[in-house]
Each structure stands twice: as C-alpha cells, then as structure tokens.
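What follows is one structure encoded as structure tokens, with my remarks underneath.
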Amino acid sequence: MHNKVVFRIARAFQDAGFAVLRFNFRGTGRSEGGHDNGLGEQDDLRAAIAFTEEKYPDAEVWLAGFSFGSAVMLRAAACDDRVRAFVAAGVPVSKYDFTGIAQCNKPKLFVQGSLDEFGPAQDVEEFFAALDEPKELKIIQGADHFFEGVLVELTDAVSSFIASVDSSQGQTS
C-alpha cells in the first residue's frame with residue numbers, strides 16, 4: 001500500500017477525479033491474517049470491491065494492481081462484471097497462471113519495465129497478444145520491476161490510459 005509504484009498509480013487515479021482505495025492484503029504491513037499465496041488475497045480484493053460499491057454505489061469501479069497485487073487482481077476480478085477497466089503494472093507473468101483472463105473484453109492497460117526480473121518483457125508481450133481487445137501495453141525501456149527512475153513514465157502511461165478510456169466512452173469518472 002505504501003510502495004512508490006502503488007502510490008504513483010493511485011495518484012494518477014486521484015488526479016483524474018477518482019475516489020481511491022489502497023489496501024494491504026492479509027498479513028502485509030499491519031493487516032491481520034497471514035499470507036495465503038494469492039488465494040485468500042482474492043477474497044481480500046473482492047471484499048474491497050464490495051466496500052467500494054457500498055460507499056460509492058454510483059461510481060465506476062476500476063482496478064489497478066502492482067506485482068503480486070496485479071496477479072491477484074487478474075485472477076480474481078479483472079473479468080468481474082462490476083469492474084469497468086483495469087491497470088496491471090509489473091505483472092509477474094512467469095510466476096502465476098492467468099488462465100481465463102484472455103476473454104476479458106474490458107479496457108486494460110499493462111505497464112511493464114523492459115528489465116523486469118519477475119515478468120520479462122517478452123513473456124508479457126506473449127501473454128498480452130492472447131488477450132481480447134481493448135488492450136494497451138506499455139513497455140518502459142530501462143525500467144526494472146519497481147520502475148526505479150521512471151516513475152513519471154509509469155504515471156503518464158496510467159493517466160493517458162484513464163483519459164483515453166473516458167474519452168472513448170464519452171463518460172466521466
């Protein structure tokens with residue numbers, strides 16, 4: 001939740017006028033429970049979506065995740081009908097199975113560093129090629145998994161995506 005990548009993505013959404021909820025998965029930081037290898041964390045995400053819908057019943061729900069968070073998001077909720085669009089950054093495609101995500105036809109942005117050690121650009125490109133439209137992939141050259149030194153480029157990619165989805169649908173956030 002306090003990671004600089006997560007913070008920058010959240011800031012892009014805030015700047016676009018979204019109400020933003022950042023949270024830690026179970027066992028992270030001061031959160032209760034223990035790490036559950038991505039299974040229980042899917043329930044954490046679903047609970048966060050339910051909380052958001054209750055607090056903001058008329059708002060569009062967009063999701064964004066980084067690293068392990070992107071894996072949880074893709075596996076648990078990316079194709080959920082309640083979700084309007086999503087952003088996945090630093091996706092560890094080499095570590096997790098994403099079966100079922102290919103037929104998700106909502107707007108999606110993947111942002112990856114060309115030097116990401118947990119999701120090599122080539123693996124992300126192959127995964128991305130199999131996904132349904134609409135989709136966008138931004139490989140940031142020279143970036144590692146944590147987008148060290150290129151956080152502005154990450155933020156710009158997310159901000160541009162938000163603007164493009166809003167303008168293509170004629171909707172506001």
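The values are calculated or read from the model by the stated rules, or taken from the named source; none is laboratory data. Predicted model only: the values in this text are computed from it and were never measured. With ideal geometry, Cβ positions are generated from the backbone for all residues, glycine too; neighbour counts draw on all protein chains shown.
When the strands (runs of 3 or more DSSP E) confined to the stretch 71-173 are screened for residues that are among the aliphatic types (A, V, I, L, M), without any contact (Cβ under 8 Å) to a residue 12 or more places away in the chain and out of contact with any strand residue (DSSP E or B) (no Cβ under 7 Å at 6 or more places or on another chain), none reaches at least 2 such residues. So, in the stretch 8-49, exactly how many residues are outside any loop (DSSP other than H, G, I, E, B), under 25 Å from ALA163 (Cα atoms) and free of Cβ contacts under 8 Å to residues at least 12 places away in the same chain? Residues meeting the conditions: 1. With the structure loaded, tell me whether VAL83 is out of contact with any helix residue (DSSP H, G or I) (no Cβ under 6 Å at 6 or more places or on another chain), of a type in the set (A, V, I, L, M) and over 22 Å from LEU151 (Cα atoms) or whether it fails that test. Here the answer is yes, as VAL83 does meet what is asked.
When residues in the stretch 48-69 are screened for being among the aliphatic types (A, V, I, L, M), modelled with pLDDT of 95 or more and loosely packed, with under 14 Cβ neighbours inside 10 Å, 1 of them pass. Just one residue in the set PHE118, PHE147, PHE127 is surrounded by 18 or more Cβ atoms within 10 Å (Cβ to Cβ) and on the phi > 0 side of the Ramachandran plot; that residue is PHE147.
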